[in-house]
Every structure is written in C-alpha cells, then in structure tokens.
Amino acid sequence: MVAVMVSASLIYIGGMILNDAFDADFDRQFRRERPIPSGAVSEQRVWQAGGSLIAAGVLGLSMQGWWTALLACLLAGSVVLYDAVHKRVTLSPVLMAACRFFLFLTVASMGEAGVTGEALWAALALSAWIVGLSYIARRESRRGPLAYWPLLFLGIPGLLAGLVHGDDPGIGVVLGGLLFTVWTVWSLSHTVGRAQPHFGRTVSGLLAGICLVDWLAVAPDPLTATVYVGLFLVSLLTQRFVPAT
C-alpha cells in the first residue's frame with residue numbers, strides 16, 4: 001500500500017511540474033511570476049524533474065503486475081496529454097477526469113477481486129465529479145457567463161451510490177449522501193446565481209469533496225467513515241497553506 005501511494009503521488013507531482021514546462025511560453029506572456037519565466041528554475045530542469053518523477057511512479061506501479069502496469073501507463077499518458085493540450089481544447093475537463101479514472105482502476109487492479117463492475121462504476125462517478133469541478137475551475141481565468149449544464153455531473157456520484165446501494169443503503173450511505181449533498185450545495189452557493197461569483201471558493205470546496213465521493217463509493221460503516229471525514233477535514237485545513245485551484 002505504501003509503494004502504491006508513493007508511486008501514484010510521484011505521477012501526480014510529476015504531472016504538476018510538467019504542467020509548468022508545457023505552459024512555459026504562455027506564462028512568459030501572461031504570468032511572468034511563475035517559476036520558469038521568473039528565472040527561479042530553468043525550463044530544462046523542469047522537464048527533467050517532471051519526466052523523471054512520472055517514470056519513477058509508473059515503474060513503482062508496474063512492479064505490482066501486468067494489468068497494473070498497463071493501467072499505470074494509461075494513467076501517465078492521460079496526465080501528460082492533459083498537460084500538453086489543456087489550454088487548447090475545450091474537452092480538457094474530460095482529460096482531467098481520465099487521470100482520476102485510471103488512477104482509481106490502477107489501484108483497484110491490485111485488489112483481490114481486481115477491476116470489478118462496482119469499481120468501474122465508482123471510477124466513473126469520480127470522473128463525473130472531476131468533469132464538473134474542472135469546468136468551474138476553467139472559469140477562474142476566463143470571462144463570460146457560467147453554463148449550468150456541466151454542473152449536473154456533480155450529482156452523478158450521489159445517483160450512482162443510490163443505484164449501487166439502493167437495495168440496502170445502510171447508515172453509511174445515508175450519512176454520506178446527506179453530507180455530500182449539503183457540501184455540494186454549499187460549495188456551489190459561492191458561484192451559482194451570484195453577480196460576482198467566487199470560483200476559487202467553489203473549486204477548493206469541491207476538491208475537498210473528493211473525499212466525500214470516495215465515501216459514497218465505499219459506503220463504510222459509521223466507525224470507518226471517520227477516516228473519510230478526517231481526510232476531508234485535512235483537505236480543508238491544508239488549503240489554508242496550499243491554495244486549492
């Protein structure tokens with residue numbers, strides 16, 4: 001488990017670093033305070049660091065088996081593709097969602113049951129959440145009215161949780177669904193219907209809400225649910241020091 005967490009984190013961090021490398025020309029024109037245009041680090045060093053971290057992460061995951069190796073390569077490919085084209089294509093939220101989708105399945109492939117139908121549906125639920133979240137995040141740097149139809153993706157995790165666990169929801173699903181709904185509505189209230197929307201607060205809230213989406217996927221008992229609540233609170237706390245955007 002430790003090897004998986006470290007390897008996946010290396011891919012994540014490598015993707016963050018490569019994002020700056022791919023955006024270097026854009027940042028030189030519009031965001032000169034960024035590390036590369038400001039001269040804090042050389043562009044070549046950024047390419048080397050980002051590529052090395054992703055390669056190390058894929059290698060660490062590949063050691064867990066052939067299926068895991070294949071999914072890890074798809075995960076890394078999605079990360080690099082997103083970094084390369086996210087400023088040029090309107091479907092970049094889908095590419096961001098693909099990164100989470102393949103991460104979910106990569107980890108599932110190492111379980112005793114492997115990639116089950118339930119794991120696939122859970123991965124799709126998280127992907128839908130990321131699509132809605134990423135659409136709002138794009139509005140931070142773009143002008144124009146906010147279209148509301150992409151926000152429907154944010155409701156899919158709750159819908160799928162109801163379909164998967166509807167026969168016997170249990171207290172875990174009920175409590176998780178209630179918290180998920182309240183937090184989603186509260187996060188969107190900073191943007192939807194406001195003359196001056198606060199996209200940053202909505203995005204940071206929805207990013208922390210990923211923990212609640214995972215809760216709905218697992219449907220834990222009340223005691224185990226404290227793990228997800230704890231991670232949710234940690235996410236909110238760390239956003240005070242590292243901006244979630």
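Per-structure values
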item: Which listed residue is surrounded by 13 or more Cβ atoms within 10 Å (Cβ to Cβ), in contact (Cβ under 8 Å) with a residue 40 or more places away in the chain and within 20 Å of the chain's Cα centre (by Cα), from Ser204, Ser187; result: Ser204
item: Pairs with Cβ under 9 Å, 6+ apart, first in the stretch 148-170 and at positive phi and outside any loop (DSSP other than H, G, I, E, B), second at pLDDT below 85 and among the hydrophobic types (A, V, I, L, M, F, W, C); result: Gly170/Ala219
item: Failed item, numbered, when Thr191 is tested on (1) under 27 Å from Arg138 (Cα atoms); (2) in a helix (DSSP H, G or I); (3) of a type in the set (S, T, N, Q); result: (2)
item: Verdict on Leu154 being modelled with pLDDT of 85 or more, surrounded by 13 or more Cβ atoms within 10 Å (Cβ to Cβ), out of contact with any Lys or Arg (no Cβ under 8 Å at 6 or more places or on another chain) and more than 22 Å from Ala108 (Cβ to Cβ); result: yes
item: Filtered residue count, the stretch 24-33, keeping only those that are within 19 Å of Val85 (Cα to Cα) and either under 24 Å from the mean Cα position of the chain (by Cα) or part of a loop (DSSP other than H, G, I, E, B) (or both); result: 4
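Okay, residues lined up against (1) at pLDDT below 90; (2) surrounded by 20 or more Cβ atoms within 10 Å (Cβ to Cβ); (3) assigned to a loop (DSSP other than H, G, I, E, B):
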position: Ser52; (1), (2), (3): no, no, no
position: Arg88; (1), (2), (3): yes, no, yes
position: Phe102; (1), (2), (3): no, yes, no
position: Glu118; (1), (2), (3): yes, no, no
position: Leu124; (1), (2), (3): no, no, no
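The values are calculated or read from the model by the stated rules, or taken from the named source; none is laboratory data. From a predicted model like this one, the values you see are computed outputs, not experimental measurements. Cβ coordinates were reconstructed from backbone atoms using ideal geometry, including for glycine residues, and neighbour counts include every protein chain displayed.
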